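Quick notes on the structure that follows.
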Amino acid sequence: MRPVVLCGSQRFKEEFEGLTNFLRKRGVFVLAPNFKRHSRKLISKVEKERLKSSSYKNKIPGLVLAHFAQISQVHSMGGVCLIYNPKPGGHQSSEHGYIGSNTQAEIGYACAKQMPIILLKPHEEEWIMSVAHSGNDKERVFAIANPKSDPLNHKAVHEWLKRWLQ
């Protein structure tokens, strides 16, 4: 089974942990960013506000580089990069999911390594959608492949993800 590296915003800290644990219980090797020390108060702010904190601002380069190392590790194992980008607030009716600047950098890094990149929801940035599609393969976006399924439903995501893990 191929490993997975999860990329996404720290605003989804709790959802990340839930999906990571769900997949690990099913035997999937998963690496994800370490958001454990990020307080709920901090992650509820937009990035522009978080960057006003010098201690947070000083940690960002190390956190991003550490996650690049995880992407490299999963790439070396023949794995895939799953962009965890639901719509904030649990309202999944919107067409596009959220991807912040750090996640965009991680997508670029995974793309440069020629890793398969898959998304929970489409994104309005054309370059992101182009790296998540190969030709007419729209199956790399959960919400497109499963338009009636909730991208926060771990069981449904796992069933869809299985095809990328073989």
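Within segment 130-162, if we keep just the residues that are farther than 22 Å from residue 16 by Cβ, of a type outside the set (S, T, N, Q) and not in a loop (DSSP other than H, G, I, E, B), the residue that is modelled with the lowest pLDDT turns out to be 137. Where residues in segment 72-98 are at pLDDT below 90 and touching a Leu at 6+ places or on another chain (Cβ under 9 Å), which of them is farthest from residue 140 (Cα to Cα)? Only one residue fits best here, namely 90. Screening residue 70 with (1) surrounded by fewer than 17 Cβ atoms within 10 Å (Cβ to Cβ); (2) in contact with a strand residue (DSSP E or B) (Cβ under 9 Å, 6 or more places away or on another chain) gives one miss only, at (1). For segment 13-28, a residue qualifies if it is touching a helix residue (DSSP H, G or I) at 6+ places or on another chain (Cβ under 8 Å) and either over 20 Å from residue 154 (Cβ atoms) or not in a helix (DSSP H, G or I) (or both), and the qualifying residues are 26, 28.
Taking the listed residues 69, 105, 110, 32, the one that is touching a Pro at 6+ places or on another chain (Cβ under 9 Å) and modelled with pLDDT of 90 or more is 110, with no other qualifying.
Restricting attention to segment 51-67, the residues that are in contact with a strand residue (DSSP E or B) (Cβ under 8 Å, 6 or more places away or on another chain) and free of Cβ contacts under 8 Å to residues at least 24 places away in the same chain total 0.
The values are calculated or read from the model by the stated rules, or taken from the named source; none is laboratory data. This one's a predicted model, so the numbers in the text were calculated from it and none came from an experiment. Backbone-built Cβ (ideal geometry, glycine too); neighbour counts: all protein chains shown.
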